[in-house]
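Notes to accompany the following structure.
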Amino acid sequence: MIIRRLARYWLIPVAVAAWELVTRRLEDVPYFPPPSTIMVRLYEMWFSGPLSRVFLTDEAIADLLPSLGRLMVGWAMAAAAGVALGVALGRSRWLAGLAEPLIHFGRSVPPSTLLPVFLLLFKIGTPMQLASIVYGVVWPVLINAADGARFVDKQYVETGEVFRVSRTQRLFRIILPAAAPKIFAGLRLSVSLALIMMVVSELVGSSEGIGHRMLEAQSDFDIPAMWAGIVLLGLLGILLNAVFVGVERVLLGWHRASRTVAR
Amino acid sequence: MSITRGRRGILGAAGVLGFLVLVEALGRLGVIDPEVLPLVSTVLVTTVEIAFEGAFLAQVGDTLLACVIGLAIAIATAVPAGLLLGTVPVVERSVRPLVEFLRPIPSVSLIPLAMFLFTESTDAKIALIVYTCAWPLLINTMYGLSDVDPLAKQTLRSFGFRGLSVVLRVSLPSAAPFIATGIRIALSVTLIVAVSVELIAGGGGGIGNFLSLASSANRIDRMLAGTIWAGLIGLAANALFMAGERRLFHWHQGSTS
């Protein structure tokens, strides 16, 4: 079973090996170092630290931790704001009508155009990056939460009313769970967006972080370090997505179970 | 539906107006320092003004041209690749994990690399747009092909059509709405990528360049005005594309809903 699963991925090692062979043979491809060189640089730069610090080097602590911290905090802030606003909009036609054009416009603004504005308002540093991440990430959460909260089965809500379930309980026991699958769809989209906004905001205005390190590597002509950043960000993307899918499966298990029974 | 279209329009307009008045009032009352964030009225006046500035229009033109070229190259490469991957199962099964592996790499992390590879920053911009747009196009094309009615394919085969002509006559048309969805997703990211590259690489013109210039002159009103135009352009592009999609694929929507 496991072997067959792994066999599906045969092309990945083949592609990496081909890249290694071609770049070693050609030698004059400065911008595409062999994968082995990149991995060595990745290891030296960030993961060759002492055991007591989970192998993280000083550079890793200076680059990776601030980036990841901002990613998490920014994402959490956007998720909280998006769900709260989205559910409010989904439950009130009147409010949704008022806000609709503003929301359509807000999400159409490419978040990168606001980077220089945030940079002027907040100066270089964490608040500027948090603002960029929150702005870039909040829209899919908000729109999906509003959609989910709008189309809650009337019977659920009416049953709640008949049993005199209080407003707050109705919100937490009926509306939020019913909207949860949609909310999670939005949150999932927003995870990869948060990673993108984290990188761009660090490339535009930061004095530390993975993006800043990559820019430094670029100006130092340290090509393997630049590639190490790309590889790390790719792995981070895969990891974040996998973690999210896992959490979703645990939290929404009841939803899928109820669907399969109904069928 | 108790709220009619007309009432929704009025409500929406009231929402926009209310928002503008509120922010203006906050600025005038000094809650938001107008020195830090300019008044809404100032920003709106600047928004109208820059629409008549030749330099700004040229920058917008630069960005849009790069977006169109990038999107066109992405469609011309990713859609045929998706057709190939989607119709030959062996290839699909082998390549899909590789695709799943490459797709999570945030395209913006390739900006420093692209700045090395392309001496002209316009080329770097176009290359990154192509890279970013290629993934949703590829995935949606493959997904659309897996949704083709097998009966239609078999019917065509029994009439003696073979290979490529089946793909072009059945698979491509029935995957077309999915490809269109891919294009719409790609469309929404082109501007983000284009402006990001313009901001970071510099020297290539475009809206990003306009923003950098306004930033170094400390003109937040001009930056916000540029942002408003970028948002309006995004809004218009999406609306136009969706209208086109509805016209072209009304048969598809009719058959599914």
Check A:Gly229 against each of (1) at the interface with another protein chain (Cβ under 10 Å from one of its Cβ atoms); (2) outside any helix (DSSP H, G or I); (3) among the small types (Gly, Ala, Ser) and name the one condition it does not meet. (2)
So for the stretch B:42-51 (the condition being under 27 Å from B:Thr227 (Cα atoms), at pLDDT 90 or above and within 12 Å of chain A (Cβ to nearest Cβ)), does at least one residue qualify? yes
Any helices (runs of 4 or more DSSP H) falling wholly within the stretch B:109-192 and containing at least 1 residues that are more than 14 Å from chain A (Cβ to nearest Cβ) and either surrounded by 15 or more Cβ atoms within 10 Å (Cβ to Cβ) or among the hydrophobic types (A, V, I, L, M, F, W, C) (or both): B:121-145, B:150-158, B:163-166
Quick one: which of A:Ala99, A:Ala81 is surrounded by 22 or more Cβ atoms within 10 Å (Cβ to Cβ) and either within 7 Å of another protein chain (Cβ to nearest Cβ) or in contact (Cβ under 8 Å) with a residue 40 or more places away in the chain (or both)? A:Ala99
Could you list, in sequence order, all residues of the stretch A:202-220 that are surrounded by fewer than 20 Cβ atoms within 10 Å (Cβ to Cβ), within 17 Å of A:Glu44 (Cβ to Cβ) and facing chain B (nearest Cβ under 10 Å)? A:Glu216
Given the structure, is A:Arg107 charged (D, E, K, R), within 18 Å of B:Val108 (Cβ to Cβ) and either out of contact with any strand residue (DSSP E or B) (no Cβ under 9 Å at 6 or more places or on another chain) or more than 12 Å from chain B (Cβ to nearest Cβ) (or both)? no
Counted residues in the stretch A:234-248 being of a type outside the set (Gly, Ala, Ser) and either closer than 12 Å to A:Leu187 by Cα or in contact (Cβ under 8 Å) with a residue 12 or more places away in the chain (or both) come to 7
Requiring at least 3 residues that are more than 29 Å from B:Val130 (Cβ to Cβ) and over 27 Å from the mean Cα position of the chain (by Cα), the helices (runs of 4 or more DSSP H) wholly within the stretch B:1-107 are B:5-28, B:40-50
Check on A:Asp63, surrounded by 20 or more Cβ atoms within 10 Å (Cβ to Cβ) and acidic (Asp, Glu): yes
Filter the stretch A:32-55 for residues that are among the hydroxyl-bearing types (Ser, Thr, Tyr) and within 18 Å of A:Arg213 (Cβ to Cβ); the one that is surrounded by the most Cβ atoms within 10 Å (Cβ to Cβ) is A:Thr37
Quickly run through the stretch B:201-223 and pick out the residues that are within 17 Å of A:Pro111 (Cβ to Cβ), buried (at least 23 other Cβ atoms within 10 Å of the Cβ) and at the interface with another protein chain (Cβ under 8 Å from one of its Cβ atoms). B:Ile207, B:Gly208, B:Leu211, B:Met223
For the stretch A:123-134, which residues satisfy the criterion of being surrounded by fewer than 20 Cβ atoms within 10 Å (Cβ to Cβ) and either within 14 Å of another protein chain (Cβ to nearest Cβ) or outside any helix (DSSP H, G or I) (or both)? A:Lys123, A:Ile124, A:Gly125, A:Pro127
Being out of contact with any Leu (no Cβ under 6 Å at 6 or more places or on another chain), touching a residue at least 12 places away in the same chain (Cβ under 8 Å), part of a helix (DSSP H, G or I) and not polar (S, T, N, Q) narrows A:Leu114, A:Leu120 down to just A:Leu114
Whether any residue in the stretch B:138-150 is in contact with a Lys or Arg (Cβ under 6 Å, 6 or more places away or on another chain) and on the phi < 0 side of the Ramachandran plot is what I want to check. no
When B:Ala230 is evaluated against the numbered criteria (1) free of Cβ contacts under 8 Å to residues at least 24 places away in the same chain; (2) within 12 Å of chain A (Cβ to nearest Cβ); (3) assigned to a helix (DSSP H, G or I), which criterion, by number, is the only one it fails? (1)
Here is a check on your reading of the model: is A:Gly186 within 10 Å of chain B (Cβ to nearest Cβ), of a type outside the set (A, V, I, L, M, F, W, C) and buried (at least 24 other Cβ atoms within 10 Å of the Cβ)? no
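The values are calculated or read from the model by the stated rules, or taken from the named source; none is laboratory data. Nothing here was measured: the structure is a model prediction, and the numbers come from that model. Don't worry about glycine lacking a Cβ; one is built from the backbone with ideal geometry, like all the others, and counts go over all protein chains shown.
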